[in-house]
Amino acid sequence: MIDLSSDTQSRPSPGMREFMAAAPVGDEQLREDPSVNRLQEMAAALLGKEAALFLPSGTMCNGIAFSLNANRGEAVVLDQESHPNMSEAGGPAWLASVMLRPVVGPRGIFSVDQVLPLLSKGGTHSARTAFISIENTTNRGGGAIWPLERLEEMRALADDRDLRLHMDGARLLNAAVASGIPAATFASFVDSVWVDLSKGLGAPVGAILAGSTEFIERARLLKHLFGGAMRQAGIIAAGGIYALEHNVERLADDHANAQFLAEGLAGIPGVKLVYDTIPTNILFFDVSGTGMTPQEVERGINALGVRMGGGYDGAKVIRAVTHLDVTRDDCATALEAVRQVTRGGAR
Ligand SMILES: Cc1ncc(COP(=O)(O)O)c(C=O)c1O
């Protein structure tokens, strides 16, 4: 199966598996796992933060950061389509007891003007706004990258209004490779930031949360509380080390493949790209012009050995995400599958 449903479908390569098998390990809870410690040091340096913490998932990174960046009952401004608002099983409410104040930014990139009306210092009636959460790149925004000027404006606002800034950097390294701007530069504007190791970087498990030493010490407590503290976790952390050493620069191939895919899709009668630019590795397309539903197209291409993700925008569009297990030839095959299936549609 050529799996373009998500970059989470990437699998550990033979080289990564070998490296993982040979990893030195210790008790991670006691901070004695050399591989976990090494990965955390590498990530802190990469993100330009004092400290970093290895966690089982990006969702746990958000759960912990949301809990630490706000007090119970306080409010968070974030994009309507952002992962914590759409896809974390109510984690912000359940784990962090925060109120979400969503805004709708073009491609998930919102402005200071949109945030301003949602800010509150608190009092007896309104919840104090504690922080702003930024997704970079934006998943449902088609892999869009936050411009540095926009981050700078958010930082100035945060400083002025005593807010914290959090960055969900599940795909921050895609942003860094595509823009040529170091991940640490993006991260320099925010107080807490994390990157996922299990998406385009190809590791099987894990994410890294980074921030000040004090923040990460408090994050350790919640890691334990949420059941995320592990034992000989060096085996999986080694996948992350390998990913950071081997799989970052090659994200450029995924971006080029996404571009190739987008250009091909745009040439198929009745198929329309949702966004006119493809900054990184995610694209969405609308098949309504073919007379077929996205579900019919998905079923058709599945039968030809190609998977793309549905369920986005009320299941009205199809998502395709490139990653290290999808080659340029695979993308050409996927395009042919969409072409073949939609030719059967009633136009
Ligand atoms: C933007 C974004 N944030 C958070 C997550 C959650 O990451 P994880 O699957 O590692 O829990 C995802 C996963 O798809 C994501 O796309």
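The values are calculated or read from the model by the stated rules, or taken from the named source; none is laboratory data. Note that the structure is a prediction, hence the values are computed from the model and not measured. So basically every Cβ, Gly included, is an ideal-geometry build from the backbone, and we count neighbours across all protein chains shown.
So here's what we get for this one:
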| item | result |
| --- | --- |
| Unmet criterion (only one of (1) within 15 Å of the ligand (Cβ to nearest atom); (2) surrounded by fewer than 18 Cβ atoms within 10 Å (Cβ to Cβ)) for Gly73 | (1) |
| Any pair with Cβ under 9 angstrom, 6 or more apart, that starts in the stretch 33-56 at a residue that is surrounded by fewer than 24 Cβ atoms within 10 Å (Cβ to Cβ) and ends at one that is among the acidic types (Asp, Glu) and in a loop (DSSP other than H, G, I, E, B) | Asn37/Glu28; Ala44/Glu50 |
| Within the stretch 75-132, considering residues that are assigned to a loop (DSSP other than H, G, I, E, B) and of a type in the set (Lys, Arg), the one nearest to Asp160 (Cα to Cα) | Lys121 |
| Pick from the stretch 152-170, criterion more than 15 Å from the ligand (Cβ to nearest atom) and under 20 Å from the mean Cα position of the chain (by Cα), ranking: farthest from Ala256 (Cα to Cα) | Arg164 |
| Segments classed as helices (runs of 4 or more DSSP H), wholly inside the stretch 241-344, with at least 1 members that are among the charged types (D, E, K, R) and closer than 22 Å to Gly141 by Cα | 251-266, 294-303 |
| Extreme residue, nearest to Leu172 (Cα to Cα), among residues of the stretch 311-328 that are in contact with a helix residue (DSSP H, G or I) (Cβ under 8 Å, 6 or more places away or on another chain) and without any contact (Cβ under 8 Å) to a residue 40 or more places away in the chain | Ile318 |
| Residue that is nearest to the ligand (Cβ to nearest atom) [pool: residues in the stretch 201-217 that are of a type outside the set (A, V, I, L, M, F, W, C) and crowded, with 16+ Cβ neighbours inside 10 Å] | Gly206 |
| Odd one out for Ser198 among (1) under 14 Å from the mean Cα position of the chain (by Cα); (2) crowded, with 24+ Cβ neighbours inside 10 Å; (3) assigned to a loop (DSSP other than H, G, I, E, B) | (2) |
| Residue in the stretch 171-187 that is more than 15 Å from the ligand (Cβ to nearest atom) and either modelled with pLDDT under 95 or touching a Lys or Arg at 6+ places or on another chain (Cβ under 6 Å) (or both) present | no |
